[in-house]
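The values are calculated or read from the model by the stated rules, or taken from the named source; none is laboratory data. Quantities reported herein were computed from a predicted structural model and do not represent experimental measurements. When we count neighbours, we look across all protein chains shown, and the Cβ atoms used for this are built from the backbone with ideal geometry, even at glycine. For the accessible areas, the whole protein counts, side chains as well, though only heavy atoms, and no ligand, DNA or RNA atoms are used. Shrake-Rupley method; radii C 1.70, N 1.55, O 1.52, S 1.80 Å.
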Amino acid sequence: MLKTDISRSIDNVEGKEKISGSAKYISDYAIEGMYHAKTVRATIAHGNIKEIKLPHFPEGYDSVDYSDIPADNVVGMINDDWPVFAEQEVNHIGEPILLIVGPDKTKVAKLAQAVEIVYEEKTPVFDFKNSVKQLAFKKGNVKKAFQEAKQIIKHTYETGYQEQAYIEPQGFIGYPEDAGITLIGSIQCPYYVKNAVMRTMGLDEDNVRVKQAFVGGAFGGKEEFPSLMACQLAVAIQKIQKPIKFIYEREEDMEVTTKRHPSRTVMEAAIDASGRISAIRSHLSLDAGAYLGLSEVVLSRGMLAVTNAYTVNNLDVRGDVYRTHTVPNGAFRGFGAPQMIYAIEMFMHHVAKTLNQDPFAFRMAHLVKQGDLTATGGIFRDPIILRDMITHAVEASDYHAKVKKYNDPNIFKGIGMSWFLHGCGFTGSGEKDKIKAKVTLEKTKDDQVHILVAAVDMGQGAKTTLRKIVAGILELPIDVIVFDNPDTRFVPDSGPTVASRTAMIVGGLLARAAKTLKEDWITGESQTVSKRYEQPEYVAWDQEKMQGDAYPAYSWGVNIVEVEVDKTTYEVDIKDIWSVYDLGKALDENVVLGQADGGQAQGIGYGYLEVMRHDGGRIRQKNMTDYIIPTAADMAPSHNHIMDNPYPLGPYGAKGVGELTLVGGAPAVSLAIEQAISRPLRKIPATPELLMEAIEHD
Amino acid sequence: MTETTFKLNGETRTVKGPHNQRFLDVLRRDFNLTAAKEGCGEGECGACSVLVDGKLINSCLLPLANVAGKTVLTLEGYRTTERYKMLENAFLKEGASQCGICTPGMIMASEYLLSHNKNPSDFEIRHALAGNLCRCTGYNMIIKAIKRAAKEGAALW
């Protein structure tokens with residue numbers, strides 16, 4: 001690879017396979033003689049199973065349930081509360097009870113429909129009543145600040161479900177191999193799947209093999225949920241001893257897979273004599289659904305974003321995860337931050353309005369700067385260029401002139417701005433204590449260099465950027481760097497493909513490995529170099545008290561959205577989008593701009609378009625017709641700008657990208673709509689119905 | 001056993017089996033043509049798009065009977081053409097494919113658009129693609145790719 005700017009785009013290394021339709025996704029796999037599996041699910045929100053009436057099975061057909069599990073009926077995650085199959089109690093509609101397995105897909109589906117389950121129903125809970133996890137942290141002296149406050153302003157913000165809506169539904173194919181089981185799946189985290197299957201099956205690590213197929217979109221939806229499917233499939237393969245294909249159809253996927261947690265955030269600010277915020281009390285409620293899964297970590301990331309890109313000296317931040325009898329919620333790009341950043345961005349604007357101050361000036365007056373303490377008393381050590389980024393976005397969009405113009409309530413246009421940060425990598429000591437990532441570079445005798453990591457390219461360009469890093473450091477052409485889809489038989493556990501950690505953490509380790517390999521390079525010999533994660537010494541985190549540096553580094557962004565609202569139908573038309581990002585250094589401009597456009601579309605969609613609700617625990621939006629994601633006609637042109645601010649410990653200065661581009665979309669579009677209709681909004685998605693309520697009932 | 005005959009990627013083919021089966025399944029199972037993907041199974045996402053007598057069709061909603069006597073072009077047939085190569089290059093250069101699951105459908109929709117409108121505006125492209133969902137890209141880079149292909153491949157369509 002020539003010594004040029006790393007940011008200069010190259011063709012996506014998987015591009016040709018994908019564009020030509022030859023890339024193999026999980027549904028494209030077929031194994032001679034394979035069987036098919038279909039899940040039989042609970043039809044009530046809460047109760048006990050009294051009786052299961054199975055139909056007569058023709059030869060070759062069978063059912064698989066909890067009694068077939070060789071070891072633990074648990075999907076191994078952080079908590080042990082999520083069963084692979086329901087035993088006696090069911091806790092949400094759609095909870096898996098058993099699988100029907102057999103050679104003909106249509107017959108399997110018919111048999112699954114013929115299963116009758118008799119329940120003893122219990123009263124389900126759908127409200128924020130049953131708190132199962134509590135977190136809290138403090139900064140400064142909140143009590144004193146509230147006692148001395150000139151004014152106290154309090155608002156509550158609500159967000160709904162969001163469905164990842166990857167275009168490829170979840171799926172696996174698996175088969176018995178030697179004494180164990182091999183699974184190929186559409187997954188983000190090969191080792192999460194492997195570890196979960198080992199636990200459920202009681203198999204050792206040599207007997208569970210997990211391979212990644214091309215992944216047709218994930219966005220967090222294929223972080224922890226696939227472990228559940230994989231455990232079920234492994235049990236079935238062990239019992240039936242046949243290759244089995246297990247693919248969800250769209251409705252099933254939408255109804256039963258994890259979604260973004262609905263939330264309620266209470267924000268209360270103490271205003272001092274100078275008209276500034278002296279303290280904030282905040283409480284974040286998350287609806288976990290029936291099982292905890294990753295909810296506690298989602299809550300933590302949400303709470304940590306409480307002051308977003310502002311500095312507030314006194315904080316009292318609390319959060320609860322509530323269990324309800326609904327589908328379990330889980331990872332989705334942003335992981336708790338979108339809920340909180342929506343709340344704080346709206347709140348800053350609303351507080352300024354209440355105080356009769358210019359919202360832009362008010363927000364700027366609280367802007368974080370290098371050296372400030374974070375919400376948890378850590379330090380923003382690295383240079384912060386947010387002020388310059390805001391200036392750029394304001395000028396590019398003509399923000400101030402438009403704000404003035406659109407203040408006229410008769411023209412139904414608005415412009416909204418958000419700015420935000422996102423912590424890169426796992427929260428706190430997660431990288432050091434839990435993940436302990438390892439990467440390997442393997443050089444063959446013919447001087448090809450294989451990247452051996454468990455990171456998955458799910459469209460975010462991981463293969464392109466990680467190969468560029470290695471090629472760049474070794475000063476070799478990109479095509480001698482090989483990066484096959486991870487197979488746990490060959491790759492070390494470099495951690496899950498989540499938390500904006502792939503470029504910065506995995507890429508950083510690969511850069512270190514490549515440097516060592518370059519120093520020790522012997523042409524024509526096979527060589528192996530491995531590196532393990534080492535936490536920078538200055539990063540200290542107390543998980544118990546939630547104090548210290550929650551993240552080693554932060555990426556930053558600014559989003560501006562311009563809208564027009566139809567005066568009759570209250571439909572929102574997105575007119576234009578501007579963004580500026582500091583992600584350290586772009587490892588590939590096209591990859592980053594693609595993340596920007598896609599993340600913004602999801603973030604903006606979350607804010608105004610994407611409605612998902614349950615009714616008595618039953619998800620109402622079950623397909624792409626009911627659950628609306630933005631189409632090309634809904635989205636607007638974007639003007640995305642990247643500003644370099646290299647992070648010394650990132651590869652080529654890179655920090656995290658993927659989640660950053662989503663977290664600011666909802667407040668930006670909501671503030672724009674709020675201006676267009678001249679009424680405050682405290683809930684997303686801001687649908688025409690919500691706008692009508694605000695306009696006609698105020 | 002009923003038979004259905006049609007032209008598939010230039011060759012005459014006959015399929016035995018029920019008339020009412022989904023054409024998407026016939027393509028994927030009987031012919032191992034897996035470029036067309038099943039995203040939603042209800043004609044909403046466009047990942048299974050194919051051209052039938054030149055019309056852009058969601059093959060998941062298409063009963064086999066409806067292709068009898070017709071000419072079907074899937075991405076496997078289309079990708080041997082100069083037009084495809086122009087689109088492939090444009091998609092690569094503009095970064096228009098991320099996870100790739102919607103891309104085969106996007107390519108077929110692009111061909112349909114450009115064969116009816118050699119020089120589409122942004123507005124026309126956005127509406128032509130409104131039946132093809134993409135969750136990764138936010139569409140802008142796909143729109144740029146189609147404009148690039150239209151410009152660089154002006155003589156092809």
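In table form, for the structure just shown:
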{"item": "Leading residue by the ranking (farthest from the other protein chains (Cβ to nearest Cβ)) among those in the range B:78-131 that are of a type in the set (Asp, Glu) and open to solvent by 20 Å² or more (accessible area, probe 1.4 Å)", "result": "B:82"}
{"item": "Filter result for the condition that a residue is free of Cβ contacts under 8 Å to residues at least 60 places away in the same chain and open to solvent by 40 Å² or more (accessible area, probe 1.4 Å), over A:148, A:177, A:158", "result": "A:177"}
{"item": "Complete set of residues in the range A:214-233 that are out of contact with any Leu (no Cβ under 6 Å at 6 or more places or on another chain) and closer than 19 Å to residue A:493 by Cβ", "result": "A:215, A:218, A:222, A:223, A:226, A:227, A:231"}
{"item": "Which numbered condition residue B:50 fails, given (1) open to solvent by 10 Å² or more (accessible area, probe 1.4 Å); (2) within 17 Å of residue A:28 (Cβ to Cβ); (3) among the hydrophobic types (A, V, I, L, M, F, W, C); (4) part of a strand (DSSP E or B)", "result": "(1)"}
{"item": "Flag if residue A:550 is more than 28 Å from residue A:10 (Cβ to Cβ) and of a type in the set (Gly, Ala, Ser)", "result": "yes"}
{"item": "Residue A:661 being modelled with pLDDT of 95 or more, within 18 Å of residue A:594 (Cβ to Cβ) and of a type in the set (Val, Ile, Thr)", "result": "yes"}
{"item": "Pairs with Cβ under 7 Å, 6+ apart, first in the range A:503-525 and free of Cβ contacts under 8 Å to residues at least 12 places away in the same chain and closer than 18 Å to residue A:7 by Cα, second open to solvent by 80 Å² or more (accessible area, probe 1.4 Å) and part of a helix (DSSP H, G or I)", "result": "none"}
{"item": "Positions within the range A:17-30 being out of contact with any Leu (no Cβ under 6 Å at 6 or more places or on another chain) and facing another protein chain (nearest Cβ under 7 Å), in sequence order", "result": "A:18, A:19, A:20, A:23, A:25, A:27, A:28"}
{"item": "Answer from A:619, A:629, A:577 - the residue that is under 18 Å from the mean Cα position of the chain (by Cα) and at pLDDT 95 or above", "result": "A:629"}
{"item": "Any hit, the range A:92-106, residues being out of contact with any Ser or Thr (no Cβ under 7 Å at 6 or more places or on another chain), away from every other protein chain (no Cβ under 14 Å), in a loop (DSSP other than H, G, I, E, B) and buried (at least 21 other Cβ atoms within 10 Å of the Cβ)", "result": "yes"}
{"item": "Residues of the range B:132-157 classified as open to solvent by 50 Å² or more (accessible area, probe 1.4 Å) and assigned to a loop (DSSP other than H, G, I, E, B), total", "result": "3"}
{"item": "Tabulated pairs, the range B:37-50, first under 13 Å from residue B:25 (Cβ atoms), second modelled with pLDDT of 95 or more and aromatic (Phe, Trp, Tyr), C-beta under 7 angstrom, 6+ apart or interchain", "result": "B:37/A:25"}
{"item": "Residue count for the range A:154-195, restricted to those that are more than 23 Å from the chain's Cα centre (by Cα) and either closer than 16 Å to residue A:240 by Cα or assigned to a helix (DSSP H, G or I) (or both)", "result": "11"}
{"item": "So residue B:69, is it more than 8 Å from chain A (Cβ to nearest Cβ) and either of a type in the set (S, T, N, Q) or out of contact with any Leu (no Cβ under 7 Å at 6 or more places or on another chain) (or both)", "result": "yes"}
{"item": "Test result for residue A:192, within 18 Å of residue A:328 (Cα to Cα), more than 14 Å from chain B (Cβ to nearest Cβ), touching a residue at least 60 places away in the same chain (Cβ under 8 Å) and open to solvent by 30 Å² or more (accessible area, probe 1.4 Å)", "result": "yes"}
{"item": "Residue in the range B:3-22 that is in a helix (DSSP H, G or I) and either open to solvent by less than 10 Å² (accessible area, probe 1.4 Å) or within 25 Å of residue A:251 (Cβ to Cβ) (or both) present", "result": "no"}
{"item": "Residue within the range A:578-596 that is touching a strand residue (DSSP E or B) at 6+ places or on another chain (Cβ under 6 Å), of a type in the set (A, V, I, L, M, F, W, C), in contact (Cβ under 8 Å) with a residue 40 or more places away in the chain and part of a strand (DSSP E or B) present", "result": "yes"}
